[in-house]
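Report on the following structure.
The values are calculated or read from the model by the stated rules, or taken from the named source; none is laboratory data. If you're wondering where the values come from, they're calculated on a predicted model, not measured in any experiment. Every residue, glycine as well, gets a Cβ built from its backbone with ideal geometry; the counts of neighbours run over all protein chains shown.
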């Protein structure tokens, strides 16, 4: 029913035959500037011609919400350049390290030989390199193709359609796959208008300036908009992803008459692989086309999908055959719907989509205080620290206050709880985080 594009060049070619507005953004004095689909195609192909003569094998794009960024992403990939998608806030030294690794990985890819020793011809278009959403250097670099992204957009369209007449407000970072696919590529692939927002701080203004009908967002953004009552009357669909969403948030949107869809995906799967279909049970997620889920014995979700990454740079993927181990715990009901429970490993997923690597906090605080029986949990959206019995609470709170000073507000420890029993651990001493979370998060 919907065209499944195989490359950015094929998609951009199709722009030439369309009517309608592809992109809107705010110009000087907040005047709306519009770019038609044929105009966008002309800009991309003109830039592609320039890049074929001048661009390096690997380039960094600081993915801001601008028309120049949109053009540059498409043009670099079509020109055959690998693109490191860097958030404007990513430190330069991290980007420099990524560039070195990406150049090495590209060299290996272009020199790969078949069984007869012949160099395998590389695909025509460049790859897109995304950071996973870790908060530290443990973040991995994921290799994805334009075909994977186009397939992801098609999968999403098959489950939740957009089209001519829809306006998608793009406020999520384009350097993250949820933002790139759901705020940008999905709309452009299927004829909607993408409105480039001016930042989270102006989302309320942008809702009334651009009058979106669809808003992809993380739970924390929606929570802020609910408090400010910042929704325009034209908004009919909210797509929430990247982090767990509270039932009361969905209920509040429903009261406003806004259809709410929850999406599930990973950087490694080029965004969405499951999404709400039953609006009265939004947490029950149906697999997107081609996504095949199984639940391992320990409850971990493993998936095979046509949108899968090519691999990590400098790290070993969590694969078994063609299945990727997601690190999430879940179950599948009698209707084949996926229900997510939480994270398997040592990560807390905040409502903003940010991942907190628990051992870093715990090791730092152990070094500061000498307390070894520590564990982090997530309670009502806040990070809390649980300590074993006999801990000097006053000294620990003082250390936590000092530790918090080096962290952004959303990543600070909100409270300290002293347990009456030792924290639950395995025979080898590893913390049973899910037991800890279940006991203290109520």
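Of everything in the stretch 36-59, what is surrounded by fewer than 20 Cβ atoms within 10 Å (Cβ to Cβ) and part of a strand (DSSP E or B)? Give them in sequence order.
The answer is 36, 59.
Give the stretch 380-396 a look and list any residue that's buried (at least 16 other Cβ atoms within 10 Å of the Cβ) and touching a strand residue (DSSP E or B) at 6+ places or on another chain (Cβ under 8 Å), or say none.
Once the filter is applied, which keeps residues that are buried (at least 16 other Cβ atoms within 10 Å of the Cβ) and touching a strand residue (DSSP E or B) at 6+ places or on another chain (Cβ under 8 Å), the stretch 380-396 yields 383, 384, 385, 386, 387, 388, 391, 396.
What about residue 152, is it at pLDDT 85 or above and either touching a helix residue (DSSP H, G or I) at 6+ places or on another chain (Cβ under 6 Å) or outside the structural domain of residue 262 (by TED's automatic domain parsing) (or both)?
yes
Do you know which residues across the stretch 411-433 are out of contact with any strand residue (DSSP E or B) (no Cβ under 9 Å at 6 or more places or on another chain) and in contact (Cβ under 8 Å) with a residue 24 or more places away in the chain?
Across the stretch 411-433, the qualifying residues are 420, 421, 422.
From the list 95, 84, 71, exactly one residue is touching a strand residue (DSSP E or B) at 6+ places or on another chain (Cβ under 7 Å) and either crowded, with 19+ Cβ neighbours inside 10 Å or under 18 Å from residue 192 (Cα atoms) (or both). Which is it?
84
One line per residue, one yes/no per condition, for (1) in the same structural domain as residue 35 (by TED's automatic domain parsing); (2) crowded, with 22+ Cβ neighbours inside 10 Å; (3) at pLDDT below 95; (4) closer than 21 Å to residue 192 by Cβ:
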| site | (1), (2), (3), (4) |
| --- | --- |
| 209 | yes, no, no, yes |
| 212 | yes, yes, no, yes |
| 219 | yes, yes, yes, no |
| 232 | yes, no, no, yes |
| 237 | yes, no, no, yes |
| 240 | yes, yes, no, yes |
| 243 | yes, no, yes, no |
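Test of understanding: among 195, 153, which residue is closer than 26 Å to residue 3 by Cα and not in a helix (DSSP H, G or I)?
Answer to the check: 195.
Looking only at strands (runs of 3 or more DSSP E) that fall completely inside the stretch 314-411, which ones have 2 or more residues that are farther than 23 Å from residue 142 by Cα?
Here the list reads 323-332, 338-343, 374-379, 382-387.
Just checking, how many residues over the stretch 283-301 are within 26 Å of residue 432 (Cα to Cα), part of a loop (DSSP other than H, G, I, E, B) and touching a strand residue (DSSP E or B) at 6+ places or on another chain (Cβ under 9 Å)?
Selection size over the stretch 283-301: 4.
Looking at (1) closer than 30 Å to residue 275 by Cα; (2) surrounded by 14 or more Cβ atoms within 10 Å (Cβ to Cβ); (3) at pLDDT 90 or above, which one does residue 318 not meet, given that it meets all the others?
For residue 318, the failing item is (3).
How many residues are in a helix (DSSP H, G or I) and either at positive phi or within 27 Å of the chain's Cα centre (by Cα) (or both) when one looks only at the stretch 15-35?
Total meeting the criteria: 3.
Does at least one position in the stretch 341-362 carry a residue that is modelled with pLDDT of 95 or more and either in the same structural domain as residue 244 (by TED's automatic domain parsing) or surrounded by 18 or more Cβ atoms within 10 Å (Cβ to Cβ) (or both)?
No, the stretch 341-362 contains no residue that is modelled with pLDDT of 95 or more and either in the same structural domain as residue 244 (by TED's automatic domain parsing) or surrounded by 18 or more Cβ atoms within 10 Å (Cβ to Cβ) (or both).
Pairs please, first residue from the stretch 322-340 and modelled with pLDDT under 90, second anywhere and surrounded by 17 or more Cβ atoms within 10 Å (Cβ to Cβ) and assigned to a loop (DSSP other than H, G, I, E, B), Cβ atoms under 6 Å, 6+ apart in sequence or on different chains.
Short answer, once both residue conditions are applied: 327/344; 329/344.
Would you mind finding the one in 385, 338, 365, 376 that is outside the structural domain of residue 432 (by TED's automatic domain parsing) and on the phi < 0 side of the Ramachandran plot?
338
Just for the stretch 242-266: of the residues that are touching a residue at least 40 places away in the same chain (Cβ under 8 Å), more than 16 Å from residue 171 (Cβ to Cβ) and not in a loop (DSSP other than H, G, I, E, B), which one is farthest from the chain's Cα centre (by Cα)?
261
Considering each of 209, 239, 184, 215 in turn, give the residue that is over 21 Å from residue 352 (Cα atoms) and either touching a residue at least 40 places away in the same chain (Cβ under 8 Å) or outside any helix (DSSP H, G or I) (or both).
Every option except 209 fails the conditions.
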